[in-house]
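Rule-based calculations on the coordinates, nothing more; no lab input. In this text, all values refer to a predicted model and were calculated from it rather than measured experimentally. Positions of Cβ are generated from backbone atoms using ideal geometry, with glycine treated the same way; all protein chains shown enter the neighbour counts.
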Amino acid sequence: MPSECTVYFDTDKLIEGRTVKLTYKGALANQDTNEIYVHYGFGLLWENLQEVKLEKVDDTCYEADITLNNADSINFCFRDDNNNWDNNDTKNYHFEIHKEEMTVAKVQETDIAVPRLKKDRKSTRLNSSH
């Protein structure tokens, strides 16, 4: 099926391990359909293949939360309950997934003065009864 699809994420950069909201406003959403599913996998080989039902937000907008795994990309297409597919004109939808950026902070060694505790010279004797 030719695609007039518009796909949005709630972030400008897909980062591994994060959950993102996928919004679909495409050809299937403009038809008389009750349900739309996203069919997706990770990497070139579509690993961890899953299919999730999108939640209908309004007549032309469907959404789902997708958790990105530790792959370099996500690939997906859409289908409705009538088995019509939107696969981006046979190219499928493909987005790069980025690694989590880590900030390295250098901690400078510093001598810290730690106060000594004074020993209490009093002793307490406990009485025990036998």
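Before moving on, here are some points about what is shown:
- Length, then width, then depth: along the principal axes, the Cα atoms of region 28-82 run 35, 19, 13 Å.
- Placing a pseudo-label 7 Å from each Cα along the Cα-to-Cβ vector at residue 58 and residue 33 gives an inter-label distance of 1.9 nm.
- Given charges at Cβ of Lys, Arg, Asp, Glu: region 1-65 dipole, positive-most of 45, 27, 9: 45
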